[in-house]
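Undergrad: Quick one: the structure is below, questions incoming.
The values are calculated or read from the model by the stated rules, or taken from the named source; none is laboratory data. On a predicted model such as this, the values are computed, not experimentally measured, just so you know. Cβ atoms come from the backbone with ideal geometry, glycine included; neighbour counts cover every protein chain shown.
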Amino acid sequence: MAMVTSFISVSMSEIKVNKYSLSLVFVVLLCTINVKAQETFRGEDIFQTIQKYGQAEVVISYPGFDVMSRLAKDFSVTSCNGKNAVLCLSNITAPVFVKKNIVYSLIKPENTKSTVMASTVAEAMGWDTYPSYTQYDSIMHAIAELYPEKCRLDTIGLSINGRVIYAIKISDNPLTDEDEPKVFLGAAIHGDELCGFVLMMRLAELLASDDGSDELVTRITTGLEVWINPLSNPDGMYRSGDDIVNPVRANANGIDLNRNFPDPEVNNTVQKENIAMVAFLKKHHFALSVEFHSGAEVVNYPWDRWTRLHPDNDWFYDISRRYADTVHLHSASGYMTYLDNGVTNGAAWYVINGGRQDYVTWNLEGREVTIELDDNKLTYADQLDALWNSNHRSILRYINEALTGLKGMVTDSETGNPVEAEVFISGHDAEADSSSVYSDKTTGSFLRLLSPGSYNIVFIADGYNTFIASDVMVNDGDFTFLDVQLIKSDLERSPVWPVPSSGDVNILLPDRMTGLVKFSVISVSGLLVDTFTEYYFPYSPVNHDFSHLSSGVYFINAKKTATGQSVTYKMVIVLKEP
């Protein structure tokens with residue numbers, strides 16, 4: 001303001017002006033100041049908000065599906081309704097956003113006092129307030145100690161700031177790893193999405209206290225192993241200390257953990273919390289899982305990163321539909337009616353990469369959906385009980401979905417030993433979608449969640465003849481069991497197949513090669529004829545087209561870039577006659 005006063009003073013002392021020219025001076029001056037302010041302070045409101053609250057949310061006009069999907073690769077999209085989209089910016093992504101010159105409106109951060117913190121553990125376990133982190137720690141131990149015959153508390157890992165990421169196992173034999181389907185329920189991978197956190201603790205208490213009076217609860221605790229992780233991102237939720245004050249979406253490094261899982265299209269530097277989560281998910285091999293979010297009210301199922309439909313799309317839609325429809329029976333009118341009356345295919349909403357839902361479904365043979373519980377991410381404490389009453393029956397029914405489908409055992413016909421075999425549904429599964437499952441190499445058991453119907457099931461294992469079980473009928477509400485004995489073959493399948501190949505080749509590597517791998521193709525004369533790089537995932541063969549090579553014998557060397565470990569295989573190319 002001092003600069004403006006000085007400018008006016010100098011102008012009026014040196015020149016004569018009439019009222020019209022003076023008005024012009026003011027107009028020009030104000031425009032100049034406005035332009036200067038825009039140039040100097042564009043994005044300043046974003047940076048100030050991040051400095052005070054840890055993140056900033058902005059609203060932009062929906063730019064169309066393709067542009068929106070590109071933006072989702074750079075920024076965390078928290079909601080998108082076809083008119084507007086909300087982006088959550090951290091100190092890492094905010095500078096990138098500001099440089100793009102996208103027109104935006106800043107969302108004023110909500111007052112977190114409305115969350116209401118509990119004063120004691122007992123009050124927190126009334127499930128209508130939010131616990132401090134210390135209270136949360138006590139609650140998880142308390143549930144396990146109160147119900148030792150049903151519970152075992154485990155640790156998935158530690159956050160960047162050293163907070164424990166808990167999971168509690170609930171089963172009729174919690175200390176034993178039984179041959180039962182495993183189900184995983186998680187919440188708060190985004191630290192500012194609060195209600196799932198409390199609902200999952202309350203669910204753990206409900207299941208752990210099963211006394212046989214609720215038939216569905218008893219069916220779940222006796223027939224399944226259920227694991228519950230109420231808080232995946234403790235550093236985001238408890239960013240400011242022991243209480244929930246201005247929680248943020250990202251972890252302590254400013255990274256959105258639900259955009260950070262290994263992805264075939266994105267080379268992610270996986271965060272500490274997700275490294276631990278990936279190891280935990282691989283160890284337990286969950287058949288069914290779910291992650292609870294807030295920011296919308298909808299059940300979202302795969303794929304998130306591809307617009308094509310998963311081979312089990314009908315099954316995914318059916319279980320999602322059942323969840324939403326059950327909610328509608330027990331909730332106020334208008335709740336969970338977003339998109340297709342509370343259901344959406346992920347990529348039909350908007351495309352993202354690095355999400356846990358797709359990681360579990362594509363990499364780990366599991367089936368996972370994302371359930372958005374509340375339009376308001378910072379759910380008011382006085383709404384927690386209503387959300388529980390609207391959703392807990394649907395949650396139990398969702399868990400129960402793991403008790404329907406195809407289940408069985410694959411063994412060696414001579415020895416009876418377990419065999420690791422691919423269980424592939426002919427005319428249904430697609431290799432690109434990694435939709436088949438594998439029998440366990442230590443037990444031989446397998447589980448495939450399926451819609452009711454008739455299927456031709458193909459069993460493929462190295463060193464064994466392929467076996468096809470035709471017209472297998474899968475019924476609703478229970479398992480169809482298959483006991484398969486495979487006969488040894490005289491010719492083991494090569495890790496590079498088919499042999500010979502006309503150019504389209506599959507390459508299966510050892511588990512230790514998981515990661516970024518450089519492939520080098522060498523002729524028998526020693527010449528390097530081809531190189532390419534792929535990200536390798538266990539049990540997912542790399543498919544590559546070698547039809548540009550001449551017919552002949554080649555050696556394929558696969559080298560893991562991170563460690564230098566390598567393997568070399570032989571490949572035979574026989575091109576078809578034109």
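Undergrad: So, in region 476-498, of the ones that are loosely packed, with under 14 Cβ neighbours inside 10 Å and in contact (Cβ under 8 Å) with a residue 40 or more places away in the chain, which residue ends up farthest from GLU401 (Cα to Cα)?
TA: Within region 476-498, the first condition is being loosely packed, with under 14 Cβ neighbours inside 10 Å, and the residues that meet it are 476-478, 481, 483, 487, 489-492, 498.
If we keep only those that are in contact (Cβ under 8 Å) with a residue 40 or more places away in the chain too, we end up with 476-478, 481, 483, 487.
Values: ASP476: 10, GLY477: 8, ASP478: 9, PHE481: 16, ASP483: 22, ILE487: 33 Å.
Filtering region 476-498 for residues that are loosely packed, with under 14 Cβ neighbours inside 10 Å and in contact (Cβ under 8 Å) with a residue 40 or more places away in the chain, the one farthest from GLU401 (Cα to Cα) comes out as ILE487.
Undergrad: Those residues that are assigned to a loop (DSSP other than H, G, I, E, B) and among the polar types (S, T, N, Q), I need them from region 203-254; list them, please. Break it down stepwise before answering.
TA: So in region 203-254, the residues assigned to a loop (DSSP other than H, G, I, E, B) come out as 209-214, 224, 230-233, 238-254.
SER209, SER213, SER232, ASN233, SER240, ASN246, ASN251, ASN253 - these are the residues of region 203-254 that are assigned to a loop (DSSP other than H, G, I, E, B) and among the polar types (S, T, N, Q).
Undergrad: I've got another one for you. Residues being within 12 Å of PHE286 (Cα to Cα) and in contact with a His (Cβ under 7 Å, 6 or more places away or on another chain): count how many of those fall in region 439-456.
TA: Residues in region 439-456 being within 12 Å of PHE286 (Cα to Cα) and in contact with a His (Cβ under 7 Å, 6 or more places away or on another chain): 0 in total.
Each row is one residue, and each column tells you yes or no for (1) in the same structural domain as SER435 (by TED's automatic domain parsing); (2) small (Gly, Ala, Ser); (3) surrounded by 16 or more Cβ atoms within 10 Å (Cβ to Cβ).
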position	(1), (2), (3)
ARG512	no, no, no
LEU528	no, no, no
THR531	no, no, no
GLU534	no, no, yes
PHE546	no, no, yes
SER566	no, yes, no
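Undergrad: Consider PHE280 carefully, then state whether it is touching a residue at least 60 places away in the same chain (Cβ under 8 Å), in a loop (DSSP other than H, G, I, E, B) and crowded, with 19+ Cβ neighbours inside 10 Å.
TA: Details: touching a residue at least 60 places away in the same chain (Cβ under 8 Å): yes; in a loop (DSSP other than H, G, I, E, B): no; crowded, with 19+ Cβ neighbours inside 10 Å: yes.
When the stated conditions are applied, PHE280 does not pass them.
Undergrad: Might you let me know whether region 165-178 holds any residue that is modelled with pLDDT of 95 or more, in contact with a strand residue (DSSP E or B) (Cβ under 7 Å, 6 or more places away or on another chain), of a type in the set (A, V, I, L, M, F, W, C) and over 26 Å from VAL369 (Cα atoms)?
TA: So far as region 165-178 goes, yes, one or more of its residues are modelled with pLDDT of 95 or more, in contact with a strand residue (DSSP E or B) (Cβ under 7 Å, 6 or more places away or on another chain), of a type in the set (A, V, I, L, M, F, W, C) and over 26 Å from VAL369 (Cα atoms).
Undergrad: Tell me yes or no: at least one residue of region 565-575 is farther than 30 Å from PRO181 by Cβ and either among the small types (Gly, Ala, Ser) or touching an Asp or Glu at 6+ places or on another chain (Cβ under 8 Å) (or both). Write out each step before concluding.
TA: Kept after step one, since they are farther than 30 Å from PRO181 by Cβ, are these residues of region 565-575: 565-575.
If we keep only those that are either among the small types (Gly, Ala, Ser) or touching an Asp or Glu at 6+ places or on another chain (Cβ under 8 Å) (or both) as well, we get 566.
Checked against the condition, which is being farther than 30 Å from PRO181 by Cβ and either among the small types (Gly, Ala, Ser) or touching an Asp or Glu at 6+ places or on another chain (Cβ under 8 Å) (or both), region 565-575 yields at least one hit.
Undergrad: Pick from PHE546, PHE519: which is among the hydrophobic types (A, V, I, L, M, F, W, C) and over 22 Å from ASN363 (Cα atoms)?
TA: On the way: PHE519 fails: over 22 Å from ASN363 (Cα atoms).
Within the list PHE546, PHE519, the selection yields PHE546.
Undergrad: Considering every residue within region 205-217, establish whether at least one is surrounded by fewer than 24 Cβ atoms within 10 Å (Cβ to Cβ) and among the β-branched types (Val, Ile, Thr).
TA: Yes - at least one qualifying residue is present in region 205-217.
Undergrad: Within region 522-553, which residues are modelled with pLDDT of 90 or more and closer than 13 Å to VAL496 by Cα?
TA: Hits for region 522-553 are VAL542, ASN543, HIS544, ASP545, PHE546.
Undergrad: Only one residue in ALA208, ALA167, ALA187 is touching a Lys or Arg at 6+ places or on another chain (Cβ under 7 Å), touching a residue at least 24 places away in the same chain (Cβ under 8 Å), within 23 Å of THR129 (Cα to Cα) and of a type in the set (A, V, I, L, M, F, W, C), so which one is that?
TA: Values: ALA167 fails: touching a Lys or Arg at 6+ places or on another chain (Cβ under 7 Å); ALA187 fails: touching a Lys or Arg at 6+ places or on another chain (Cβ under 7 Å).
Within the list ALA208, ALA167, ALA187, the selection yields ALA208.
Undergrad: Can you report the number of residues in region 246-261 which are more than 24 Å from ASN376 (Cβ to Cβ) and in contact with a helix residue (DSSP H, G or I) (Cβ under 6 Å, 6 or more places away or on another chain)?
TA: The number of residues fulfilling the criteria is 3.
Undergrad: Within region 478-534, which residues are more than 35 Å from the chain's Cα centre (by Cα), part of a loop (DSSP other than H, G, I, E, B) and closer than 20 Å to LEU549 by Cβ?
TA: VAL499, PRO500, SER502, VAL524, SER525, GLY526, LEU527
Undergrad: Of the numbered conditions (1) in a loop (DSSP other than H, G, I, E, B); (2) in contact with a helix residue (DSSP H, G or I) (Cβ under 6 Å, 6 or more places away or on another chain); (3) closer than 15 Å to ILE189 by Cα, THR307 fails exactly one; give the number of that condition.
TA: It is condition (3) that THR307 fails.
Undergrad: When you scan region 75-146 for helices (runs of 4 or more DSSP H) that lie fully inside it, which ones turn up with 1 or more residues that are in contact (Cβ under 8 Å) with a residue 60 or more places away in the chain? Walk me through how you get there before you give the answer.
TA: Details: elements: 94-99, 121-124, 133-146.
By residue number, 133-146.
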